[in-house]
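Colleague: Here's a structure for you.
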Amino acid sequence: MSNERNAGRKPKITDEQLNKIISRHKSGESLSALADEFGISRQALHKRIKESQEKPVTINWVVDDQPVSTITVDVRHRALVLANYAAQLSKLPFGFNTNPTWQEFLRVLEEKYLQHVGVDEPGVFLLTDGEKTFNPNKIKELHINKPESLPEFVFTKQDILLTRTDTDGFQMKALSGRRVHFVKSQAIMSGLLMRDWAVEIIASDIAKQLNIPCVMQKHCIFAYGGRKFDAVFSDNFELDGYTFLSFDSMLEERHLSTKEDFFFKMNAIEKLKWCATKLSEIGNLSYQDTERYMLNLAVLDCLVGNVDRHTRNFGLFYNSSTGKYEIPLIFDNGMGLFEHDYYRDNYRNYEEAMNNVYVSPYGEDPFELLLMLNKEFRLKEVYSGVKDIRYLDILNAPFALEYERRMRSLWQKLD
């Protein structure tokens, strides 16, 4: 029997139909016309749309194409349900925090949503209800700001992990509030603000070109004591259970040192292979892997003219999760391209400035060392496909530009 008066309960629309209605309404069709088409009152349709916008939203947190967390967000009640799947804390949206507040959620979401600001690592994005972007309109408190300034980290005296001090200057290092990022200020030497932060960024970019595992550095501001300094920040690898053990400390346990006569008498290739052998023995790692690590270090240091590769900033990672040693990421590459040298403005020419540039722990001129490494390892085969090295256009100092020109020319000529 037909319902001639159209009385009684109105027909319901499915979620799929509702999504189509919302899409068509956004395209300009009137709500009244859509309600008539689907046999529902305008008031009921408006209510369904409002309810759909207020229902909990499921966010799948994805890192490097792998889901690591699910966050169910109840916007109406400002409530969260968090489920973590990954063991690596650095991949989780809230790190070690398993019970985040609403404000913490907004802060983290804003950081991760605004990838163009530079706070987020490549490969991290949000999936929401099958879409690849999160609609910030669903979170009224989320403010999307244009990247008009660099990310800024504010620290107090209690936050400072390490301050490198000597007779010439200092440099501050600290962890960000959620311990997700390691932040290092520019060095201040003899009252001059060094641009070592720029060299760090250049070095990590060159490492990426050569596919060298490296701590990727990004530009930021280090605010402390009412002053602001240029700085770099990177992921805190200790969150994932990694502890860095320096080559110096591991040699000391075995009563060895690179300051002994036998080491000084070796040539550069012999020194590299000796260090690789010791890393292999200590870490129970393949010699092929430790030799490649030492080669990567030397090549990167040559390309940026790093003069500060001492035995305390290379070594091995210890993975507390597995109880094993691993090849570490390369870090601490900033003392190069003459930005380490506060006498650089007093040099009369490039050749005079180069008298103070050598690659440790080999004590070799970087151009001569690169030729030695190429003769032994055939660098164009090791780093296949890299015919030219690109330097980011950050430094404008004449000596740095000349160094880049000559090093690029040398790399292109390698057999």
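Colleague: Amide H of ARG309 versus every other amide H placed in the peptide plane: which residues, excluding those fewer than 5 positions away on the same chain, fall under 5 Å?
Modeller: Here the answer is SER360, since their amide H atoms fall under 5 Å of that of ARG309.
Colleague: Anything over 27 Å Cα to Cα? Flag those among LYS208/LYS375; LYS173/LYS271; LYS208/LYS273; LYS26/LYS55; LYS265/LYS324, in the order listed.
Modeller: LYS173/LYS271; LYS265/LYS324
Colleague: Would you please give the residues with an amide H less than 5 Å from that of HIS181, counting only those at least 5 places away or on a separate chain, with H modeled from the backbone geometry?
Modeller: Sorted by chain and number, the residues that satisfy this are SER176, ASN236.
Colleague: Oh, and also: Less than 13 Å Cβ to Cβ from PHE317, Lys/Arg counted +1 and Asp/Glu -1: what total charge do the surrounding residues give?
Modeller: Local charge sum for PHE317: -3.
Colleague: So what is the 222 nm mean residue ellipticity for the chain from helices alone, if each DSSP H run of at least 4 adds -39500 (n - 2.57) and you divide by all residues, rounding to the nearest 500 deg cm²/dmol?
Modeller: Mean residue ellipticity, 222 nm, calculated: -10000 deg cm²/dmol.
Colleague: Something else about it: Could you order MET172, MET266, MET372 by accessible surface area, starting with the largest, using a probe radius of 1.4 Å?
Modeller: MET372, MET266, MET172
Colleague: Towards the positive end of the charge dipole of region 38-114, with charges on Cβ (+1 Lys, Arg; -1 Asp, Glu), say which of VAL62, ALA87, ALA44 has the farthest Cα.
Modeller: Farthest towards the positive pole: ALA44.
Colleague: Over region 334-384, what percent of the accessible surface lies on carbon and sulfur atoms, probe 1.4 Å?
Modeller: The nonpolar share, carbon plus sulfur, comes to 42 percent.
Colleague: Over all directions, average the projected area of the Cα convex hull of region 277-415 and note it in nm².
Modeller: Projected over every direction and averaged, the Cα hull of region 277-415 covers 9.6 nm².
Colleague: So for the chain, Kirkwood radius off the Cα pairs, Stokes-Einstein at 37 °C and 0.692 mPa s: how many µm² s⁻¹?
Modeller: Here the translational diffusion coefficient equals 130 µm²/s.
Colleague: Additional query: Could you tell me the relative contact order of region 220-292? Use alpha-carbon pairs under 8 Å, at least six residues apart, and round to a whole percent.
Modeller: 16 percent
Colleague: Okay, next question. Would you mind checking the tilt of helix 102-113 against the longest principal axis of the Cα atoms of the chain, expressed as 0 to 90 degrees and rounded to 10?
Modeller: That helix lies at roughly 60 degrees to the long axis.
Colleague: Further, regarding this structure: Rounding to the nearest 10 and keeping the result within 0 to 90°, find how far the Cα-based axis of helix 268-283 lies from the longest principal axis of the chain.
Modeller: Approximately 50 degrees, to the nearest 10.
Colleague: Then there is this: From the residues ILE221, ASN306, ALA268, which one has its Cα farthest along the dipole of the chain in the positive direction, the dipole being from +1 and -1 charges on Cβ of Lys/Arg and Asp/Glu about the Cα centre?
Modeller: The residue sitting farthest along the positive end of the dipole is ILE221.
Colleague: Let me ask something additional. For HIS340, HIS77, give me the order by solvent-accessible area with a 1.4 Å probe, most accessible first, ignoring ligands, DNA and RNA.
Modeller: Highest to lowest solvent-accessible surface, that is HIS77, HIS340.
Colleague: In addition: Using the Cα centre of region 343-415 as origin and beta-carbon charges of +1 (Lys, Arg) and -1 (Asp, Glu), tell me which of ASN356, TRP411, TYR343 is placed farthest towards the positive end of the dipole.
Modeller: About the Cα centre, the residue reaching furthest to the positive side is TRP411.
Colleague: Right, another one. Taking the Cα centre of region 282-415 as origin, sum charge times position over the Cβ atoms of Lys and Arg (+1) and Asp and Glu (-1), and report the length of that vector in debye to the nearest 20.
Modeller: Approximately 340 debye in magnitude.
Colleague: How large is the charge dipole for region 176-248, taken about the Cα centre, if only the Cβ atoms of Lys, Arg (+1) and Asp, Glu (-1) carry charge, to the nearest 20 debye?
Modeller: It works out to roughly 340 debye.
Colleague: While we're on this one: Treat every Asp and Glu Cβ in the chain as -1 and every Lys and Arg Cβ as +1, leave all other atoms uncharged, and give the resulting dipole magnitude about the Cα centre to the nearest 20 debye.
Modeller: In total the dipole reaches around 1860 debye.
The values are calculated or read from the model by the stated rules, or taken from the named source; none is laboratory data. Model, not experiment: these values are computed from the prediction. We place every Cβ from the backbone using ideal geometry, glycine too, and count neighbours over all the protein chains shown. Only protein heavy atoms, including side chains, enter the accessible area calculation; ligands, DNA and RNA are left aside. Shrake-Rupley method; radii C 1.70, N 1.55, O 1.52, S 1.80 Å.
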